[in-house]
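As structure tokens, the structure follows; a few thoughts come after it.
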Amino acid sequence: MDSYGRQTRFINIDRGENILARIISLLQQGTRAISILAAVGSVSIVTFKRETPGGSPVTRTFQGISPILALYGFYTLNVASDVPIGCLHVSVSDPDGYTLAGAVSGVLIAATSVWVIVRILVGGPANLCLDSAGNLANKMGHNSGAPAA
């Protein structure tokens, strides 16, 4: 873990397990925020949330073994309600070679053992503040060098 409370983890998700549920379960273990960086493996079921041309949300579920091409996203806990907020995006290849992609809406089931790389923040935003130059800094006095938004 670095001085900002960030840590990279490799998570092994078993065949048949809901990948999204496993990632969100990390928030219940004292993690304040999770950045999903990548994954290797295949999925058997994925439910995407998409918008119609009129702007209405619709979900579509696809079944069949599909290799993960990309997996990324971010989750944090709403401090007031302890409810996870964020989004997970996945791109998979269907058996015909077409790419399916979108925001995951609840179900993302591993068809094989899946390795997910995440970056977690332990302790949360309360440990961060702005220094005199307007950069994000840890209350311990370490400067991240990143300008504040």
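The values are calculated or read from the model by the stated rules, or taken from the named source; none is laboratory data. Small disclaimer: the values here were computed from a predicted structure and weren't measured. Positions of Cβ are backbone-derived with ideal geometry, glycine not excepted, and every protein chain shown enters the neighbour counts.
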Residues in the range 95-126 that are closer than 25 Å to THR8 by Cβ, loosely packed, with under 14 Cβ neighbours inside 10 Å and either modelled with pLDDT under 90 or of a type in the set (Val, Ile, Thr) (or both) total 2
What's the total number of residues in the range 30-62 that are exposed (fewer than 12 other Cβ atoms within 10 Å of the Cβ) and not in a loop (DSSP other than H, G, I, E, B)?
4
THR61: β-branched (Val, Ile, Thr), farther than 28 Å from ASP94 by Cβ and touching a residue at least 40 places away in the same chain (Cβ under 8 Å), yes or no?
no
Counting only residues that are outside any strand (DSSP E or B), of a type outside the set (Asp, Glu) and loosely packed, with under 15 Cβ neighbours inside 10 Å, how many does the range 1-29 have?
8
Residue by residue through the range 63-85, note down the ones that are closer than 19 Å to ALA101 by Cα, surrounded by fewer than 17 Cβ atoms within 10 Å (Cβ to Cβ) and under 12 Å from the mean Cα position of the chain (by Cα).
ALA70, TYR72, PHE74
Among the residues of the range 66-100, write down those that are more than 29 Å from ILE120 (Cα to Cα) and touching a residue at least 24 places away in the same chain (Cβ under 8 Å).
ASP94, PRO95
Could you check, for the range 108-121, whether at least one of its residues is in a strand (DSSP E or B), aliphatic (A, V, I, L, M), more than 24 Å from ILE65 (Cβ to Cβ) and within 12 Å of the chain's Cα centre (by Cα)?
yes
